[in-house]
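Student: Quick one: the structure is below, and I'll ask about it shortly.
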Amino acid sequence: MRAKKKIRYATIAASVAMAGVMASGCGTSGALKNGDQSTQQESASTHQPVTITVASWNDAADSLRAEIPGFEKKYPWIKVNVEYVDTAYQKVIPELVAGDAPDIIQVQQRDFQTFLHKFPGDFVDLTPYMSSIKNHIAPVALDVTMQNGHIYAAPWDLGPAALYYRKDLFREAGINPNTIKTWADYLASGKKLVAHFHGKVKMIAENTSEPSQGIQTTLMILVNELGGSYVNSNGNIDFLNPQIKKAMSVIQQWGKAGIVADAPTWNDGIAAFANGQVATILSAVWYAGTMMNSAPKQSGLWGIVPLPAFTPGGNNEADTGGSVLAITKDSKNAQAAWDFINYCLYTVPGENVQLKYGLFPSWESYYTAKGTDFDQNFSYFGMPIYKFFASVSKHIPTTNYGGYFEDYSQPLSQAYISVFKGANIEQALQTAEANAARISGQPISNG
């Protein structure tokens, strides 16, 4: 078993090194009540002291640490340690291979199918625990946790996307944000804005020069909005489908129009809006926290509207992704691990903590639950942003990332940048398919 794992590890470690992996995220409701009581009673029946470890990163890890006092008050016999790890899984993967992984690991939504394929049998089947919860989870977050009809991870946060815009810059350039209904409208507004400010202000900041940073969030938003996938129904690599081509066409139009400022790194993107170099940001609900923390003096200058659609009246909802929490088969305390996950993600007290860290719940029952701060107003944006993002999370399409998406990240990023610079879309995507196949060992769709 472990020898086979070492072979799989060599493959996944190589792909992680090549693919830039981006970080991303209560009294009980009636839907959860029965399941919550049964799991609590099973653990409570023994009251044997146990310690569980959770591997997580950045703000997500901070949120889990903040959950510990409330959880341990309810479950005093369970102690929780939070282990801070990197977002590229360079610590977690060797632990999985060696058979001494933490009880719970955080995995990005789009990466979890990769883990299921490359580490089969290494995760606890959560289907029995999730039976009364699954129908209250956003489908786009639940689908990535499933294999052969079974649930192998608990959906955590959701990343519904929208268009953040500078009210003052739009006003000065004579742009009404409510008239931007399609990506064609967005392009026209971008040209108008750049012309008005003589090129000193761009419409948006994107990584257009460094493919090693990983797949661009904007490409993922556009493909997801179209309900596109990166593989065909057989799981074969398929970048030449109509949805990805349409997304790339939008990107190419931006490049030709000169409305994009280059921002290769996360910090470059922050600097671009903090310094007033861009007038819009295409991102998720969680980016609001980054904006408020990084540019507090811009409070009141930013507004939020739904994403533009590809066609008038078309879908304008998309997900940038979130994370899941999976219990590993190495855990000797799977029930205690589930109790912690359940408390954090599927109870009002637990989700109240998550919301403070900007982690938007995929558990939809929370949106209307009592005792939450979900409707709070944010003066920075002049609106209750969580309520707004809930309104653009009702019909998010699902995207099939396939079981080897980590291996596809850099080839897609390379295609994105070459298309932005004017390369032929079909040829760029064909090259991306070939590179993805070489890295992953997976076949390419025949069309």
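The values are calculated or read from the model by the stated rules, or taken from the named source; none is laboratory data. Remember, it's a predicted structure, so these values are computed and weren't measured experimentally. Reconstructed Cβ throughout: ideal geometry from the backbone, glycine too, with neighbour counts over all protein chains shown. The accessibility values were calculated without ligands, DNA or RNA, using every heavy atom of the protein model including side chains. Shrake-Rupley method; radii C 1.70, N 1.55, O 1.52, S 1.80 Å.
Student: Filter region 325-336 down to the residues that are in a helix (DSSP H, G or I) and of a type in the set (Gly, Ala, Ser), then identify the one that is nearest to PHE119 (Cα to Cα).
Tutor: Out of the qualifying residues, it is ALA334.
Student: Restricting to region 332-359, name every residue that is buried (at least 22 other Cβ atoms within 10 Å of the Cβ) and farther than 21 Å from TRP286 by Cα.
Tutor: Matches in region 332-359: ALA336, ALA337, TRP338, ASP339, PHE340, ASN342, TYR343.
Student: Could you run through region 310-324 and say how many residues are among the β-branched types (Val, Ile, Thr), surrounded by 20 or more Cβ atoms within 10 Å (Cβ to Cβ) and in a loop (DSSP other than H, G, I, E, B)?
Tutor: Residues in region 310-324 being among the β-branched types (Val, Ile, Thr), surrounded by 20 or more Cβ atoms within 10 Å (Cβ to Cβ) and in a loop (DSSP other than H, G, I, E, B): 1 in total.
Student: Tell me, which helices (runs of 4 or more DSSP H) lie completely within region 198-301 with 3 or more residues that are open to solvent by 30 Å² or more (accessible area, probe 1.4 Å)?
Tutor: Where helices (runs of 4 or more DSSP H) fall fully within region 198-301 and carry at least 3 residues being open to solvent by 30 Å² or more (accessible area, probe 1.4 Å), they are 242-257, 266-274, 287-294.
Student: Which residues, taken from region 137-164, are part of a strand (DSSP E or B) and either aromatic (Phe, Trp, Tyr) or open to solvent by less than 10 Å² (accessible area, probe 1.4 Å) (or both)?
Tutor: Selection gives ILE137, ILE151, ALA154, PRO155, ASP157, PRO160, ALA161, ALA162, LEU163, TYR164.
Student: Determine which member of the set THR127, THR182 is surrounded by fewer than 20 Cβ atoms within 10 Å (Cβ to Cβ), over 17 Å from the mean Cα position of the chain (by Cα) and farther than 30 Å from ALA257 by Cα.
Tutor: Only one candidate qualifies: THR127.
Student: Moving on to the next point. Return the residues of region 342-371 that are in a loop (DSSP other than H, G, I, E, B) and either of a type in the set (S, T, N, Q) or touching an Asp or Glu at 6+ places or on another chain (Cβ under 6 Å) (or both); say none if nothing qualifies.
Tutor: THR347, TYR357, LEU359, PHE360, SER362
Student: Find the helices (runs of 4 or more DSSP H) located wholly in region 372-447 whose residues include 1 or more that are more than 28 Å from HIS136 (Cα to Cα) and of a type in the set (Val, Ile, Thr), and list them.
Tutor: Once the helices (runs of 4 or more DSSP H) in region 372-447 are filtered for at least 1 residues that are more than 28 Å from HIS136 (Cα to Cα) and of a type in the set (Val, Ile, Thr), what remains is 405-420, 425-440.
Student: Can you tell me which residues in region 94-118 are closer than 30 Å to ASN224 by Cα, open to solvent by less than 30 Å² (accessible area, probe 1.4 Å), in a helix (DSSP H, G or I) and not charged (D, E, K, R)? Steps first, answer last, please.
Tutor: As a first pass, look at region 94-118 and keep what is closer than 30 Å to ASN224 by Cα: 104-118.
Remaining after also requiring open to solvent by less than 30 Å² (accessible area, probe 1.4 Å): 104-112, 114-116, 118.
Filter once more, so that each one left must be in a helix (DSSP H, G or I): 109-112, 114-116, 118.
Matches in region 94-118: GLN109, PHE112, THR114, PHE115, LEU116.
Student: Looking at ASP339 and the list (1) under 22 Å from VAL92 (Cβ atoms); (2) modelled with pLDDT of 95 or more; (3) outside any helix (DSSP H, G or I), which single condition is not satisfied?
Tutor: Going through the list (1) under 22 Å from VAL92 (Cβ atoms); (2) modelled with pLDDT of 95 or more; (3) outside any helix (DSSP H, G or I), ASP339 breaks only (3).
Student: Let me ask something else about it. Take LEU307 and tell me if it is assigned to a loop (DSSP other than H, G, I, E, B), under 25 Å from LYS192 (Cβ atoms) and within 22 Å of the chain's Cα centre (by Cα). Break it down stepwise before answering.
Tutor: On the way: assigned to a loop (DSSP other than H, G, I, E, B): yes; under 25 Å from LYS192 (Cβ atoms): yes; within 22 Å of the chain's Cα centre (by Cα): yes.
Answer is yes for this residue.
Student: Within region 173-194, is even one residue under 27 Å from ASP111 (Cβ atoms), assigned to a helix (DSSP H, G or I) and touching a helix residue (DSSP H, G or I) at 6+ places or on another chain (Cβ under 7 Å)?
Tutor: Checked against the condition, which is being under 27 Å from ASP111 (Cβ atoms), assigned to a helix (DSSP H, G or I) and touching a helix residue (DSSP H, G or I) at 6+ places or on another chain (Cβ under 7 Å), region 173-194 yields no hits at all.
Student: Within region 371-381, identify whether any single residue is modelled with pLDDT under 95 and crowded, with 18+ Cβ neighbours inside 10 Å, and answer yes or no.
Tutor: yes
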